[in-house]
Amino acid sequence: MRFVFPAVVVAASVFAGCPEPATNVCDLSTELPSTDEVAEGRGRADRSDGGEFNEAGSWLPGSSIIIGTLSIDGTTDEAGLQVADLISAGTFPICQRLGARDDRTAAADFGGEDVRTDATHTGALSILGLEDNILIGRFQADLAGGGGDLSLTDGAFRLPRR
């Protein structure tokens with residue numbers, strides 16, 4: 001009888017299956033972008049207008065991510081937790097929704113193009129890791145403004161702390 005309980009536990013775990021690790025967060029892949037995908041110190045994305053976006057950038061805890069003239073500002077994740085605290089604790093992945101900035105939403109502003117996220121033009125930023133003060137993640141954004149409409153898709157970054 002002493003072998004029945006372990007056999008039941010093993011059988012139950014086989015039938016229940018172990019949960020699969022998440023493959024996306026914020027509707028973005030959780031795969032860390034490699035240096036083949038985006039160089040150290042840079043961010044890149046596909047632009048809906050066919051233009052190139054591959055720029056130098058940096059990050060500041062609790063404040064912003066800057067990639068060229070793209071600024072993503074937000075201090076909290078989608079649950080309202082402080083992003084700086086989550087990064088310090090190594091709690092990855094971190095999801096920041098992009099739109100009109102509020103207590104749970106970050107905002108993206110593409111200054112060189114005069115477009116930004118707002119209540120109807122949204123996106124996401126997923127911070128996936130921190131290696132030797134290099135912040136690693138993915139993003140996408142639909143932006144609008146005086147410069148028209150622009151989408152940045154399949155974005156990735158590997159940025160040093162400033």
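Every number here is computed from the coordinates shown, using simple stated rules; none is lab data. What you are looking at is a predicted structure, and each value in this text was computed from that prediction instead of being measured. Using ideal geometry, Cβ is built from the backbone for each residue, glycine included, and neighbour counts are taken over all protein chains shown.
Of note, ALA89 satisfies the criterion of being without any contact (Cβ under 8 Å) to a residue 24 or more places away in the chain and among the small types (Gly, Ala, Ser). The C-beta contact set for the stretch 110-126 (first residue within 11 Å of THR69 (Cβ to Cβ), second residue among the polar types (S, T, N, Q) and part of a strand (DSSP E or B), distance under 7 angstrom, 6+ apart or interchain) comprises GLY111/SER71.
In the set ASP109, ASP118, ASP154, ASP85, only one residue is part of a strand (DSSP E or B), of a type in the set (Asp, Glu) and either within 23 Å of GLU40 (Cβ to Cβ) or out of contact with any Lys or Arg (no Cβ under 9 Å at 6 or more places or on another chain) (or both); that residue is ASP154.
Would you point out the residue of the stretch 98-130, among those that are surrounded by fewer than 20 Cβ atoms within 10 Å (Cβ to Cβ) and either aromatic (Phe, Trp, Tyr) or within 18 Å of SER29 (Cα to Cα) (or both), that is nearest to the chain's Cα centre (by Cα)? The selected residue is GLY129. Note on the stretch 17-74: enclosed strands (runs of 3 or more DSSP E) holding 1 or more residues that are touching a strand residue (DSSP E or B) at 6+ places or on another chain (Cβ under 9 Å) and exposed (fewer than 14 other Cβ atoms within 10 Å of the Cβ) are 52-60.
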